[in-house]
Amino acid sequence: PAYSPELNPIEQVWQWLRQNELANKCFKDYDDIVESCSNAWNGFISDIKRVKDICFRDWLNLSG
């Protein structure tokens, strides 16, 4: 398919970041945007279980 976000884990990552960290916020300036995005990303990657839950695919076999 031309557009299949369910096949691309980063789409779910961006969706989670938007819904849980970045939505409905007003930013003071560019630096505030960068800081908020950095904090959201660092918070996301610090929770390994969340990363695995969002990015894991049953059909993905990394063992070779």
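Per-structure values
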read-out: Helices (runs of 4 or more DSSP H) completely within the chain that count 1 or more residues being at pLDDT 80 or above, surrounded by 10 or more Cβ atoms within 10 Å (Cβ to Cβ) and basic (Lys, Arg); value: 48-55
read-out: Odd one out for CYS55 among (1) at positive phi; (2) in contact with a Pro (Cβ under 6 Å, 6 or more places away or on another chain); value: (1)
read-out: Where a residue in segment 33-51 is free of Cβ contacts under 8 Å to residues at least 60 places away in the same chain and its partner, wherever it lies, is hydrophobic (A, V, I, L, M, F, W, C) and part of a helix (DSSP H, G or I), with Cβ under 6 Å and at least six apart; value: ALA40/LEU17; ALA40/LEU22
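The values are calculated or read from the model by the stated rules, or taken from the named source; none is laboratory data. Remember, it's a predicted structure, so these values are computed and weren't measured experimentally. Cβ sites come from the backbone with ideal geometry, for glycine too, and all protein chains shown count toward neighbours.
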